[in-house]
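Here the structure is laid out as structure tokens; the discussion comes afterwards.
The values are calculated or read from the model by the stated rules, or taken from the named source; none is laboratory data. Because the structure is a prediction, the values reported are computed rather than measured. Neighbour counts are summed over all protein chains in view; Cβ atoms, including those assigned to glycine, are modelled from backbone coordinates with ideal geometry. Ligands, DNA and RNA are stripped out before the accessible areas are found, and what is left, the full protein with its side chains, is counted by its heavy atoms. Shrake-Rupley method; radii C 1.70, N 1.55, O 1.52, S 1.80 Å.
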Amino acid sequence: MKKQLGIAGIAALVVAGTVTVVPAQAVTYGTPTISLSASYLSGAVGASGDPVVDVTVGQSGADASALTVSASASSKASVAGTGDVTVTGTGAVRRLAVAARGRGYTDLTVKVTGLGGKSATKTLSYAASAAVQNPADARYFTGASDSSAAVDVGGGYTVVADDESNVLRLYDRSRSAAPVRTWDFSSQLGVTKEVDIEGATLIGNTIYWTGSLGNNKDGEYKAPRNTVFTTTVSGSGPATQLAYGRSYKKLRDDLVAWDKANGNRYGFAAGTAAGEVPKQIDGFNVEGLEFAPGSTTTAYLGFRAPLAPAVPGGKALVVPVTNFDQVLSSGAKATFGAGIELDLGGLAIRDIRKNAANQYLILAGSWAADDNSDPYALYQWDGVAGHAPVKRADLPTTDPGGWEAIVDVPDLSVPGARVQLITDSGSADLYGDGTEAKDLTHAEWKKSRAAWFTLN
């Protein structure tokens, strides 16, 4: 009688009462494989919930759960060392997070160790920005650094514009991460250069976007900047989709003609002249867009420049476009109401947003081009000409970046209401090497900061 038994890798052959032991066939394991969801990662010192990287591993002949993933510092441990890297998960996909130790750059070696003593590595290039005030309230939207306008689209998500491109990006408001979706409408707009998007607002399922309408930083007229356009929203949350609507490219011309007809009170013709830079007290630069109280036809344009009148300590300017819906839907020439002049303590409008109850928040900041050290504040307003806005909060001077966008407006009658703001960090030196964020080579290292503030 013959009987074969498998016991701990050993085959036993029993013949006529005699046991003969023979070795089992050896298992051959392949070289492990490893891939990273991104080769570049950005964090911040003291941050809460920094972006992470997924590590996918495998090995022929082995279950992925038997593989070990580790990471070690391979260059500058003062930025992030071996003990600052955490790898979680047990299957084929692990999640790697880094807790920044200091500002700067470092390379991390990510290693998978498989069965049979075989291993493989990948390099993760990591960059950490400096600590900020109230890090628990800060989130970082990566992929771009020049955030300039934002619209809440529901489900905890926001669409964010960047003034250095025509790409719109969808972000989870609660997370530091790359965009969930992106849309580039350059071809539909018929432009190859940036529109310099600076303001946006949502009415129904239509988002209205406006360029700055001003000259570029060198005082040159660039036609794409004289653009307003619409997108249509469908879905919500991470399933949000945008479709291009219509555009209008003569709003700046209409504004200049209107101001001339009214005695050049605001100096629009002079502010748009060749050689005039937009970010000066008597320049021309639109940064806010919102509709008038209870209206779906009259829109408010909020100006970063000029102040009105254009002298230090002047008032911020809002110009009503009384047929804004028709401007976009049919290309009608814009018509205007009387300018509204608001006392914001010598500051200009960087964004303006209202809620369903017609409670407005104005994000106020300097008209200057390099204003990271200047004050910022939030003002509440009821949207009525002649009614004074009331300061609700002084904002910390930001490093990196300047406060640029209001995501949405909470119920301002509720004590302790909180609002989320986003920075334009394009001119900031995020990582301490003198490189402006907009000039960074890797998109994963570009980022804007979103932060929550409690209103007084």
Review point. Would segment 171-181 turn up any residue that is touching a strand residue (DSSP E or B) at 6+ places or on another chain (Cβ under 7 Å) and farther than 27 Å from residue 361 by Cβ?
Key: yes
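Please determine, by comparing only the residues of segment 435-456 that are assigned to a loop (DSSP other than H, G, I, E, B) and farther than 15 Å from residue 422 by Cβ, which one is farthest from the chain's Cα centre (by Cα). Please lay out each step first, then the result.
Going through segment 435-456, the residues assigned to a loop (DSSP other than H, G, I, E, B) turn out to be 435-436, 440-442, 446, 455-456.
Narrowing the set further to residues that are farther than 15 Å from residue 422 by Cβ leaves 435-436, 440-442, 455-456.
Working: 435: 19, 436: 16, 440: 15, 441: 17, 442: 15, 455: 22, 456: 26 Å.
Only one residue tops the list, namely 456.
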Check your understanding: What number of residues within segment 254-272 are under 32 Å from the mean Cα position of the chain (by Cα) and either without any contact (Cβ under 8 Å) to a residue 12 or more places away in the chain or loosely packed, with under 15 Cβ neighbours inside 10 Å (or both)?
Key -> 0
Point to revise | Among the residues listed as 451, 417, the single one being of a type in the set (A, V, I, L, M), in contact with a Leu (Cβ under 7 Å, 6 or more places away or on another chain), without any contact (Cβ under 8 Å) to a residue 60 or more places away in the chain and open to solvent by less than 70 Å² (accessible area, probe 1.4 Å) | key: 417
Exercise for review: Looking for whichever is crowded, with 21+ Cβ neighbours inside 10 Å, under 23 Å from the mean Cα position of the chain (by Cα), farther than 24 Å from residue 446 by Cβ and among the small types (Gly, Ala, Ser) here; the options are 377, 348, 405, 393. Which one fits?
Suggested key: 348
Revision key, fill the gap. Within segment 33-81, restricting to residues that are out of contact with any Lys or Arg (no Cβ under 7 Å at 6 or more places or on another chain) and charged (D, E, K, R), the one that is farthest from residue 449 (Cα to Cα) is 63
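On the given criteria, is residue 440 out of contact with any strand residue (DSSP E or B) (no Cβ under 8 Å at 6 or more places or on another chain), among the hydrophobic types (A, V, I, L, M, F, W, C) and surrounded by fewer than 23 Cβ atoms within 10 Å (Cβ to Cβ)? Break it down stepwise before answering.
Values: out of contact with any strand residue (DSSP E or B) (no Cβ under 8 Å at 6 or more places or on another chain): yes; among the hydrophobic types (A, V, I, L, M, F, W, C): yes; surrounded by fewer than 23 Cβ atoms within 10 Å (Cβ to Cβ): yes.
In short, yes.
Consider segment 163-185. How many of its residues are acidic (Asp, Glu), open to solvent by 40 Å² or more (accessible area, probe 1.4 Å) and in a strand (DSSP E or B)? Steps first, answer last, please.
Going residue by residue through segment 163-185, those that are acidic (Asp, Glu) are 163-164, 172, 184.
So of that shortlist, the ones also open to solvent by 40 Å² or more (accessible area, probe 1.4 Å) come out as 164, 184.
Okay, now just the ones that are also in a strand (DSSP E or B), so 184.
Adding up the residues that qualify gives 1.
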Exercise for review: Looking for whichever is closer than 18 Å to residue 153 by Cβ and buried (at least 22 other Cβ atoms within 10 Å of the Cβ) here; the options are 229, 284. Which one fits?
Suggested key: 229
Practice item. Within segment 423-434, track down each residue that is open to solvent by less than 30 Å² (accessible area, probe 1.4 Å), hydroxyl-bearing (Ser, Thr, Tyr) and outside any strand (DSSP E or B). Key: 425, 431
Point to revise | Every residue from segment 287-317 that is free of Cβ contacts under 8 Å to residues at least 60 places away in the same chain and crowded, with 24+ Cβ neighbours inside 10 Å | key: 303, 316, 317
Point to revise | Matching option when the condition is in contact with a Ser or Thr (Cβ under 7 Å, 6 or more places away or on another chain), open to solvent by 50 Å² or more (accessible area, probe 1.4 Å) and assigned to a strand (DSSP E or B), among 86, 90, 121, 109 | key: 121
Exercise for review: Mind listing whichever residues of segment 200-226 are open to solvent by less than 20 Å² (accessible area, probe 1.4 Å) and either in contact with a Ser or Thr (Cβ under 6 Å, 6 or more places away or on another chain) or acidic (Asp, Glu) (or both)?
Suggested key: 207, 211
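If you go through segment 28-69 one residue at a time, how many are in a loop (DSSP other than H, G, I, E, B) and under 23 Å from the mean Cα position of the chain (by Cα)? Walk me through it before giving the result.
First pass over segment 28-69, keeping only residues in a loop (DSSP other than H, G, I, E, B): 28-32, 37-39, 45-52, 59-63, 67.
After this cut, where a residue has to be under 23 Å from the mean Cα position of the chain (by Cα) as well, the list is 37-39, 45-52.
Residues meeting the conditions: 11.
Using the structure shown, decide if residue 188 is open to solvent by 30 Å² or more (accessible area, probe 1.4 Å), touching a residue at least 40 places away in the same chain (Cβ under 8 Å) and closer than 25 Å to residue 353 by Cα.
Values: open to solvent by 30 Å² or more (accessible area, probe 1.4 Å): yes; touching a residue at least 40 places away in the same chain (Cβ under 8 Å): yes; closer than 25 Å to residue 353 by Cα: no.
So residue 188 fails the test.
From the list 160, 79, which residue is of a type in the set (Val, Ile, Thr) and either open to solvent by 10 Å² or more (accessible area, probe 1.4 Å) or part of a strand (DSSP E or B) (or both)?
Values: 79 fails: either open to solvent by 10 Å² or more (accessible area, probe 1.4 Å) or part of a strand (DSSP E or B) (or both).
Among 160, 79, only 160 is of a type in the set (Val, Ile, Thr) and either open to solvent by 10 Å² or more (accessible area, probe 1.4 Å) or part of a strand (DSSP E or B) (or both).
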Study note, to complete from the structure: Residue hits (segment 356-386; of a type in the set (A, V, I, L, M, F, W, C) and part of a loop (DSSP other than H, G, I, E, B)) are 356, 357, 367, 368, 369, 384, 385
Review point. What is the number of the single condition among (1) open to solvent by 40 Å² or more (accessible area, probe 1.4 Å); (2) out of contact with any helix residue (DSSP H, G or I) (no Cβ under 8 Å at 6 or more places or on another chain); (3) more than 12 Å from residue 36 (Cα to Cα) that residue 128 does not meet?
Key: (1)
**Study point:** Number of the exception - residue 250 against (1) in contact with a helix residue (DSSP H, G or I) (Cβ under 7 Å, 6 or more places away or on another chain); (2) in contact (Cβ under 8 Å) with a residue 24 or more places away in the chain; (3) closer than 17 Å to residue 334 by Cβ
**Key:** (1)
Review point. If you scan segment 79-138, which residues turn out to be closer than 18 Å to residue 53 by Cβ and of a type in the set (D, E, K, R)?
Key: 84, 94, 95, 101, 107, 111, 122
